[in-house]
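Remarks on the structure that follows.
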Amino acid sequence: MIQSMTGYGKSVLQLPSKKISIEVKSLNSKNLDLNTRMPSLYREKELGIRKLIASKLERGKVDFSLYMEITGEETSTQINKTVVKQYIKQLKDVVDGDETELLKMAIRLPDAVTTERDEMDEDEWDEIAAEINTALDKIQQYRLDEGKSLESEFFDRVKNIADLLDEIIAMDPERIEGVRERLHKGVAELKEKVDENRFEQELVFYIEKFDITEEKVRLKNHLEYFVSALNSDDSNGKKLGFISQEMGREINTIGSKSNYAPMQKLVVQMKDELEKIKEQLLNVL
């Protein structure tokens, strides 16, 4: 079962005094390109989060975000009342003014407001960690659903190439006979007497250069191997990419050897189907 590298997962946790929102987004990438955003309070857990994401998502351009919203009355920011009173007293010695205006001035001065660094609660983190796993499960399911859609398209494209290959196989004898007739006609137009036995030997040698039997067999095998890889339990986008490259080589060789317009037309259609497969394979894990 293949997986897409495109996905999205979100989970929200309501704690007594805060709301934690977790989002995971991913796009295609050759390797794991992970970017994390989270409050400084939880930074010490970042390495563990990265390892967890790497083990579950494997590849892709991944954005992980953990947002914290304070919903309770607790706050880590406190007014330093002693310092503010001293500021107001000193300001009164300098200017006469309304105490509200003096307070506005004092609160802006250094050390009037202090921020205490919260210590992380391990029990609270256990709940957050469980929610991170929930968000990762959701993005994995998203990837699987996208993978099913891609898989269906791959089966259709491979079948189209196989059908075109059957047409090529069916017209191949006609193509060879056409080459033979053109050569006979060319020799006849020379109006020169030729050794028939020697001519037939040269003809066989010449036609062998246009023979595509091996390419047809190899391409058919590659198509079957591609389908087999699609049906495997693992998502293997890189392997499928290698197989598609081999398919392309055989299709190109058939095109270069065909020397026959109707067959070349079919080859162009095969190339078009293969390009669409390669384009979508960039999204496969």
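The values are calculated or read from the model by the stated rules, or taken from the named source; none is laboratory data. Please read all numbers here as calculations on a predicted model, not as lab measurements. Positions of Cβ are backbone-derived with ideal geometry, glycine not excepted, and every protein chain shown enters the neighbour counts.
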On the basis of being assigned to a helix (DSSP H, G or I), surrounded by fewer than 12 Cβ atoms within 10 Å (Cβ to Cβ) and charged (D, E, K, R), does ASP126 make the cut?
yes
If we keep just the residues of region 106-139 that are aliphatic (A, V, I, L, M) and at pLDDT 80 or above, which is farthest from LEU13 (Cα to Cα)?
ILE139
Take GLU23 and tell me if it is in a strand (DSSP E or B), of a type outside the set (Gly, Ala, Ser), in contact with a Lys or Arg (Cβ under 7 Å, 6 or more places away or on another chain) and at pLDDT below 95.
no
Residue selected from region 222-258 under the condition under 14 Å from LEU165 (Cβ atoms) and of a type in the set (Gly, Ala, Ser), by the criterion modelled with the highest pLDDT:
GLY248
What are the pairs, 6+ residues apart or on separate chains, where a residue within region 157-170 that is farther than 13 Å from GLU224 by Cα has its Cβ under 8 Å from a residue that is of a type in the set (A, V, I, L, M) and not in a helix (DSSP H, G or I)?
ILE168/ILE212
If I go through region 82-97 residue by residue, how many of them are in contact (Cβ under 8 Å) with a residue 12 or more places away in the chain and under 60 Å from the mean Cα position of the chain (by Cα)?
3
The residue that is nearest to the chain's Cα centre (by Cα), considering only those in region 42-65 that are over 29 Å from ILE2 (Cβ atoms) and crowded, with 16+ Cβ neighbours inside 10 Å, is LYS45
Look at ASN197 and say whether it is exposed (fewer than 15 other Cβ atoms within 10 Å of the Cβ), modelled with pLDDT of 95 or more and not hydrophobic (A, V, I, L, M, F, W, C).
no
